[in-house]
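Engineer: What follows is a single structure, and I will ask about it in a moment.
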Number of protein chains: 4
Amino acid sequence: MPEPKQNVGRPRDAQIDGAIVRATRELLVERGYAKLTVDAVAARAGIGKAAIYRRFATKQEMIFAATVHDMREQPPPDSGSLRGDLAAVCRTIAAQLGEAPPDVLHGLLADIHADKELGARFTGSFIERERYVLDVVLDRARERGELEDRPDTATVHALLIGPVFFWLLILGGDRERVEALSATVAESVADFLVKA
Amino acid sequence: MPEPKQNVGRPRDAQIDGAIVRATRELLVERGYAKLTVDAVAARAGIGKAAIYRRFATKQEMIFAATVHDMREQPPPDSGSLRGDLAAVCRTIAAQLGEAPPDVLHGLLADIHADKELGARFTGSFIERERYVLDVVLDRARERGELEDRPDTATVHALLIGPVFFWLLILGGDRERVEALSATVAESVADFLVKA
Amino acid sequence: MPEPKQNVGRPRDAQIDGAIVRATRELLVERGYAKLTVDAVAARAGIGKAAIYRRFATKQEMIFAATVHDMREQPPPDSGSLRGDLAAVCRTIAAQLGEAPPDVLHGLLADIHADKELGARFTGSFIERERYVLDVVLDRARERGELEDRPDTATVHALLIGPVFFWLLILGGDRERVEALSATVAESVADFLVKA
Amino acid sequence: MPEPKQNVGRPRDAQIDGAIVRATRELLVERGYAKLTVDAVAARAGIGKAAIYRRFATKQEMIFAATVHDMREQPPPDSGSLRGDLAAVCRTIAAQLGEAPPDVLHGLLADIHADKELGARFTGSFIERERYVLDVVLDRARERGELEDRPDTATVHALLIGPVFFWLLILGGDRERVEALSATVAESVADFLVKA
DNA sequence: CGGTAAGCGAGACGGTACGTCGAGTCTTATG
DNA sequence: CATAAGACTCGACGTACCGTCTCGCTTACCG
C-alpha cells in the first residue's frame with residue numbers, strides 16, 4: 001500500500017482502508033477467491049473502484065493486504081523443552097492457516113507465485129518470520145543441552161509446518177484434528193532431532 | 001479425454017494431442033501459469049481452439065493433462081523395512097512434484113479448489129491413490145511386525161508428504177536437497193511410528 | 001468498418017451489424033448523444049461489447065457509421081433553371097440535416113473534428129459529394145447560358161447550405177420553416193450569381 | 001464568473017484568473033478540445049482544481065470563458081447603407097468565429113447542446129445579442145427607406161452568418177478568404193432584401 | 001466407391017472482469 | 001476566506017480471456 005507522498009493534499013480516509021479490508025474478507029468467505037471481483041468489493045465497501053486502485057496496484061495486492069494481516073509471529077514462551085516449543089509454534093501457525101478457507105489460501109499462493117515482487121514480499125514477511133521463530137526455538141534447545149548439533153532450520157521448518165499445511169490445504173483434513181496433529185508432529189520432530 | 005462415439009467420421013489427429021501438450025508446457029515455462037491463455041496454446045501448437053476444447057472441457061483440464069501426466073502411482077517394491085518403503089514413496093512423489101514449476105502447481109491447486117466438483121475429482125484420483133499406496137506400505141509393516149498398532153493413514157500421509165510439499169512449494173527450497181529431505185522425513189516418520 | 005481478413009474463420013453475423021446500427025440510433029434519440037454508452041448499445045442490441053469493438057475502433061466510429069448512413073447524394077433532375085436546381089439541392093440536404101436531433105449532429109461534428117482521420121473521411125464522403133452535386137448544377141447553368149463566369153463552388157456551397165445549417169443547428173429554428181428558407185436561399189443565391 | 005459574496009476573507013488572486021485562461025488556450029491548441037482535461041489546465045496553470053471550480057461551474061464554462069471572451073457585440077456604426085452595415089456585422093462575427101480552432105467551437109457547441117439549460121443560456125446571450133444587432137441594422141435600413149417591408153430577422157440572421165459559419169466550421173475553408181466571403185454574403189443578402 | 005459423420009483452422013460470439021481515466025466534489029494544512 | 005494538493009464517487013472506456021459457435025474444408029470409415 002504505497003502511502004501518500006507528503007503531508008500535502010487531502011489525506012487518505014482511514015475508514016476506507018478498513019472498509020476495503022472488511023469487504024474483501026466478507027466476499028472472500030461468501031463467494032470464494034475465484035469469484036471475488038474488485039467491483040463487488042467497491043460496492044460492498046460503499047466506495048469507488050478508484051479508491052481501491054489508489055491504494056493497491058492490482059486486485060492481488062488488495063487481497064494480499066486484506067488477508068495476510070499483520071502476522072507478526074512471536075517466538076513462544078519457553079516451555080522448558082524443544083518438544084513443547086515446537087508444539088507451540090506449530091499450533092500457532094496451524095491456527096492461522098485454519099482461519100482462511102482453503103480456496104482463499106490456494107488462490108493467494110497462486111497469485112503470490114505468479115508475481116515475482118509479490119513472492120519476494122511474501123517470503124520476506126512470512127517465511128522469514130517463521131524461520132526466525134524456529135531459530136530462536138532451536139537455539140534455546142541447544143543452550144538447554146537438548147541438541148548437540150544445530151540442525152538446518154529450513155529442514156525443521158518443512159518437517160514441522162509441512163504436515164499441517166498439507167493436512168489443511170491438500171488433504172482437506174478435519175480442522176478439529178489439527179491440534180492433535182500439531183502435537184504429533186512436534187513430538188515426532190523433537191524426537192528425531194534429539195536422537196540425532 | 002473422452003473418445004469419439006464410434007469409429008465413424010474423421011478420427012482425431014494424434015499429432016494434435018502431442019502438439020497441445022508440448023505448446024502448453026512450453027508456454028507454462030515461458031510465461032507462467034497466470035499468463036497462459038488458450039489462444040496462445042492454440043497459436044503455438046498451430047491449431048484451432050476448437051481442437052483443444054474437443055479434447056478438454058476447460059483450460060485447467062488441459063494444463064492438468066499436460067503437466068501431471070499419468071500419475072498412476074504404484075506401491076513401491078518391498079524394501080524390507082517401513083523406513084525404506086516410506087523413503088521410496090516419498091522420493092517418488094517428491095520427484096513428481098519437482099517436475100512442474102511451483103507457480104504451475106499453485107495455479108492448478110487454486111483452480112482445483114475453486115471448483116468443488118473439480119476438487120472432489122482431484123482428491124478422488126490423486127490423494128486417494130497416494131493414500132492407497134501408503135495403506136499398502138503400512139499394512140506390510142504391520143505384517144512384518146514393525147508396527148504394533150495400525151496408525152492413521154491420513155496422518156502418516158501428512159507427516160510424510162507435507163514436508164516435501166512445503167519445501168518445494170512454500171519455502172522454494174533447493175530441488176537438489178529434496179532427495180536428502182525425503183530420506184530424513186522417512187527416517188523421522190518411521191522412527192516415530194515404530195517407537196509408538 | 002474493417003472487414004474480416006479473408007474467407008476463413010467464422011463470418012461476421014450480418015444481423016449484428018444491423019442490430020448495432022438500430023440500437024445506436026434508438027439510444028441516440030432516447031438519451032441523446034452525450035449519454036450514449038457502448039455498454040447500453042451492446043445491451044440494447046443483445047450482443048457483447050466485443051462484437052462492437054470488432055467492427056469499430058472507437059465509439060465514435062460506431063456512431064459515425066450508424067448515423068451517416070450511405071448518404072449518396074445525387075445531382076437533382078434538371079429543373080430548367082439554376083434557381084430550381086439550387087432549391088432542389090438545398091431542400092434535399094436540409095431534409096437530411098433535419099432528420100437527426102441537433103445534439104447528435106453537434107456531437108458527431110465535434111467527434112469528427114477531434115480526430116484527423118475521421119475528419120478526412122467525413123470530408124471525403126460528404127463534403128466532396130455535395131461539392132460534386134453543386135459542380136453539376138453550376139455547369140448546367142453555364143451551359144444553359146444563365147451564368148457568364150463559373151463561380152467558385154466552395155463559395156456557392158457556403159452561401160447555399162450555410163443558412164439552412166445555421167438555422168437548424170445554431171438558431172434552433174422551426175423545422176417546418178426550413179422548406180421556405182431553402183426556397184429563399186435558392187432565390188437569393190441564384191439572383192446573386194446570375195446578376196454577377 | 002460569479003464574484004465572491006463579500007469583501008471578507010482572502011480575496012481571489014487575479015493572477016489565477018489569467019493563468020487559467022492562458023493554460024486553457026495553450027492546451028486547447030496543443031491537444032485539442034477533446035483531450036483537454038481540467039487536471040491538465042490546473043497543472044499547467046500551477047494551481048489547484050478547486051481554484052478553477054470556484055470560478056467556473058463546469059469545464060465547459062471555463063473553456064467558454066477562455067475562448068469566446070466578452071462577446072458584447074455592438075451594433076456597427078451606421079455605414080450609410082444596409083449592405084455596408086451587414087458587411088460590418090458579418091465581418092465582426094466572422095472574425096470572432098475565426099479566432100478559435102474549429103474543433104474547439106464544435107466541442108463547445110456539442111457540449112452546449114448536450115444540456116438543455118446550457119443551450120438556453122447560450123441562445124439567450126449570444127444568439128439574442130446577434131439578433132439584436134441585426135434588428136438595429138434592419139431598422140436603420142427601414143428608416144433609411146432601403147427596405148419597404150421589415151424582413152424576418154431570424155431569416156436574415158441565417159442568410160448572413162450561416163455561410164461564414166459553414167465555411168469556417170464545415171468546409172474547413174481558407175481563413176484568409178473569410179473577409180471576401182463576408183463581403184459577398186453582405187452584398188447578396190442586401191440585394192435580395194432590397195429587391196423584395 | 002461414394003456418402004457422411006466427424007475432425008480441422010480460423011475466427012466471431014456473449015459474457016464478465018479488468019485496470020484506467022475524467023468530471024466535479026470534498027478535505028486537509030497553509031497562508 | 002482562498003489556495004494547492006490530492007483523495008473521493010461515479011460511471012464509462014477499451015482490452016483481454018474464456019468457452020461456445022459457425023464457416024468451409026478435409027479425412028477416413030461404412031455401407
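Engineer: Report the Stokes-Einstein translational diffusion coefficient (µm² s⁻¹, integer) for the protein assembly as shown, Rh taken as the Kirkwood radius over Cα pairs, at 4 °C with viscosity 1.567 mPa s.
Structural biologist: Answer, rounded: 38 µm²/s.
Engineer: Additional query: Inter-copy label distances at C:Lys116, 7 Å along the Cα→beta-carbon direction, one decimal in nm, shortest first?
Structural biologist: Copy-to-copy label distances at C:Lys116, shortest first: 3.8, 4.1, 5.9 nm.
Engineer: Please give the net charge around B:Phe122, taking every other residue with its beta carbon less than 12 angstrom from that of B:Phe122, where Lys and Arg add +1 and Asp and Glu add -1.
Structural biologist: Numbers: positive: B:Lys116, B:Arg121, B:Arg129; negative: B:Glu61, B:Asp111, B:Asp115, B:Glu117, B:Glu128, B:Glu130.
My count for the surroundings of B:Phe122 gives -3.
Engineer: With a Förster radius of 25 Å, plug the Cβ-Cβ distance of C:Val136 and C:His69 into 1/(1 + (r/R0)^6) and report the FRET value to the nearest 0.05.
Structural biologist: Details: r = 23 Å, r/R0 = 0.91.
Efficiency, rounded to the nearest 0.05: 0.65.
Engineer: Angle check, please: helix C:153-165 long axis (alpha carbons) against the longest principal axis of chain C (alpha carbons), in degrees 0 to 90, nearest 10.
Structural biologist: Tilt relative to chain C: about 70 degrees.
Engineer: Roughly how many Å is it from the Cα centre of segment A:96-125 to that of segment D:45-104, as a whole number?
Structural biologist: Spelled out, the Cα-based centre of one part sits 61 Å from the other.
Engineer: Right, here's the next one. Before we go on, tell me the buried accessible area for the C/D pair, both chains summed, 1.4 Å probe, in Å² to the nearest 100.
Structural biologist: The C and D chains share an interface burying roughly 3000 Å².
Engineer: Quick check: with the 1.4 Å probe, what order do C:Asp111, B:Asp70, B:Asp85, B:Asp139 take by accessible area, largest first?
Structural biologist: Correct descending sequence by accessible area is B:Asp70, B:Asp139, C:Asp111, B:Asp85.
Engineer: Next up: Using the charge dipole of chain D (Lys, Arg: +1 at Cβ; Asp, Glu: -1 at Cβ; taken about the Cα centre), state which of D:Ala180, D:Pro101, D:Gly32 has its Cα farthest towards the positive end.
Structural biologist: Value: D:Gly32.
Engineer: I've got another one for you. Across segment A:14-67, how large is the tail of the calculated P(r) beyond 12 Å, expressed as a percent of all Cα pairs?
Structural biologist: 56
Engineer: Could you work out, residue by residue across B:179-187, how many beta carbons of other chains sit within 10 Å of that residue's beta carbon, and then give the average as an integer?
Structural biologist: Other-chain Cβ atoms within 10 Å of each residue's Cβ, averaged: 3.
Engineer: Nearest 10 degrees, 0 to 90: what angle lies between the long axis of helix D:14-31 and the longest principal axis of chain D (Cα atoms)?
Structural biologist: 70
Engineer: Only Lys, Arg, Asp and Glu count, each charged at its Cβ (+1, +1, -1, -1), so figure out the dipole size of segment C:85-182 about its Cα centre, rounded to 20 debye.
Structural biologist: Its charge dipole is roughly 40 debye.
Engineer: Helix-only estimate, please: 222 nm mean residue ellipticity of chain D, summing -39500 (n - 2.57) across DSSP H runs of length 4 or more and dividing by its residues, to the nearest 500.
Structural biologist: -21500 deg cm²/dmol
Engineer: Any idea how far apart A:Glu143 and C:Thr37 come out in nm if each label point goes 7 Å out from Cα toward Cβ?
Structural biologist: Result: 6.4 nm between the two label points.
Engineer: Taking Cα atoms, how many degrees apart are the long axis of helix B:178-195 and the longest axis of chain B, rounded to 10 and kept between 0 and 90?
Structural biologist: Relative to chain B, helix B:178-195 is tipped by roughly 40 degrees.
Engineer: Within 10 Å of each Cβ of B:172-178, how many other protein chain Cβ atoms are there on average? Can you show the working numbers first?
Structural biologist: Details: counts 4, 4, 1, 0, 0, 3, 1.
Mean number of neighbouring Cβ atoms from other chains: 2.
Engineer: For segment B:148-188, which GluC sites (Glu not before Pro) are both in a DSSP coil and crowded by at most 16 other Cβ atoms within 10 Å?
Structural biologist: Passing sites in segment B:148-188 are B:Glu148.
Engineer: Show me, bin by bin at 10 Å from 0, the whole-percent P(r) of chain A based on Cα pairs.
Structural biologist: 8, 30, 29, 20, 10, 3, 0
Engineer: Place a +1 charge on the Cβ of each Lys and Arg in chain B and a -1 charge on the Cβ of each Asp and Glu, then give the dipole magnitude about the Cα centre in debye, rounded to the nearest 20. Mind showing how you got there, number by number?
Structural biologist: On the way: 26 positive and 30 negative charges, 188 e Å.
Result for chain B is approximately 900 debye, rounded to the nearest 20.
Engineer: Taking a cut-off of 19 Å between Cα atoms, list the lysines near A:Lys59, but don't count ones fewer than 8 places away on the same chain.
Structural biologist: Qualifying lysines at Cα under 19 Å: A:Lys35, A:Lys49, A:Lys116, B:Lys35.
Engineer: Further question: For chain C, calculate the relative contact order in percent as a whole number, restricting contacts to Cα pairs under 8 Å that are 6 or more residues apart.
Structural biologist: In percent, rounded to a whole number, it is 23.
Engineer: Shielding of D:153-161 by partners, i.e. mean partner chain Cβ atoms within 10 Å per residue?
Structural biologist: 6
The values are calculated or read from the model by the stated rules, or taken from the named source; none is laboratory data. What you see is a predicted model, and the numbers here were worked out from it, not measured in a lab. Don't worry about glycine lacking a Cβ; one is built from the backbone with ideal geometry, like all the others, and counts go over all protein chains shown. With ligands, DNA and RNA removed, areas are computed over all heavy atoms of the protein, side chains included. Shrake-Rupley method; radii C 1.70, N 1.55, O 1.52, S 1.80 Å.
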